[in-house]
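Report on the structure given below.
The values are calculated or read from the model by the stated rules, or taken from the named source; none is laboratory data. Bear in mind that the values here come from a model prediction, so they are computed numbers and not experimental data. All Cβ positions, even for glycine, are placed from backbone atoms using ideal geometry, and neighbour counts span all protein chains on display.
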């Protein structure tokens, strides 16, 4: 008599129990995003441009708005911690973010610029980036992070960017960072000298990236310095329409001799609605919390971070409006709507005893009491 195989049919062969029936699957309605339909956690992307097209200005502007949780170029965003690897021009990145971060306290704005040179072929560097990003997310209390590598050719050690094996390993390590740290990794890259429609070097890099964005000028006689950011590849979403930017000079003051000092500022042009897929039916993801609850949580987050930096300080409503994160984005277009939304959230927090008010100023309730275990906590 032949021996009896006691294993389940689903637990033998190559699949070894990992096969699932597609008929039981339903597409997710509420997907996580950093920038809706553009940047998704766990992905790796490349932004390629010729020199002097404003790529750092645009990415720094995006990062500044993500760190604040403010919508960007009409796109919905989630507040995101930023880990910007900028060994070449760390001050230049901060200069380009400055117009968007004026008045934002460091306690509430998690935008970190790293001036060390990374090597994505070095496992210790990759492990260190994963550890840094994970710790940064915990500190910022964000669900995701954006890692920017500016530029690609400075992140590959002594390797040749034309080597398919080296660039394939670089992109695999970037995917590992994105997966294990729960972040998006964006490489800033140069276009090829002979073909401005693709990134320089081995095609293995772009072929294995989830998303590719191309930055170009619409025409060569462009006195306004307008550039067009066009997605040419996007994984998991419908390919989006391009966004136009102007690279302006933002005045920050005057030097000792009275001459104006300016920094580049990337300004998204108005009336650019994102191309969203048409739903097949009226299915909608269930809301996990109301808008009011989400806004109260966000305002409590802002006041807690400010309290941790300066425990006794009172904070004006205008500052709190400036620091309000992504739950307030639907009201941000109109100053009165944002003021009402922030005041309503603050009023609810005062009524709940979590925040105290002094006319038009607010702070986290800072009365300290002893609990049953003799530990001290904020009441």
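Brief remarks on what is shown
- Restricting region 219-230 to residues that are surrounded by fewer than 20 Cβ atoms within 10 Å (Cβ to Cβ) and modelled with pLDDT of 85 or more, the residue that is farthest from residue 266 (Cα to Cα): 230
- There is no residue in region 111-118 that is surrounded by 15 or more Cβ atoms within 10 Å (Cβ to Cβ), in contact (Cβ under 8 Å) with a residue 60 or more places away in the chain, in contact with a strand residue (DSSP E or B) (Cβ under 9 Å, 6 or more places away or on another chain) and more than 26 Å from residue 207 (Cβ to Cβ).
- Some residue of region 92-110 being part of a loop (DSSP other than H, G, I, E, B) and free of Cβ contacts under 8 Å to residues at least 12 places away in the same chain: yes
- Residue within region 51-70 that is within 23 Å of residue 176 (Cα to Cα) and out of contact with any strand residue (DSSP E or B) (no Cβ under 8 Å at 6 or more places or on another chain) present: no
- Any hit, region 18-27, residues being within 24 Å of residue 208 (Cβ to Cβ) and either surrounded by 12 or more Cβ atoms within 10 Å (Cβ to Cβ) or in contact with a helix residue (DSSP H, G or I) (Cβ under 8 Å, 6 or more places away or on another chain) (or both): no
- Residue check for residue 82: touching a helix residue (DSSP H, G or I) at 6+ places or on another chain (Cβ under 6 Å), within 28 Å of residue 262 (Cα to Cα) and surrounded by 23 or more Cβ atoms within 10 Å (Cβ to Cβ): yes
- For first residues located in region 330-341 and closer than 15 Å to residue 77 by Cβ, partners that are assigned to a helix (DSSP H, G or I) and lie 6+ apart or on another chain with Cβ distances below 8 Å form the pairs 330/291; 331/337; 331/338; 331/340; 331/341; 332/338.
- Test: residue in region 299-314 that is at pLDDT below 95, closer than 28 Å to residue 28 by Cα and not in a helix (DSSP H, G or I): no
- Residue 192, sole failed condition from (1) in contact with a strand residue (DSSP E or B) (Cβ under 9 Å, 6 or more places away or on another chain); (2) touching a residue at least 12 places away in the same chain (Cβ under 8 Å): (2)
- Region 335-355: number of residues that are surrounded by fewer than 16 Cβ atoms within 10 Å (Cβ to Cβ) and in contact with a strand residue (DSSP E or B) (Cβ under 6 Å, 6 or more places away or on another chain): 1
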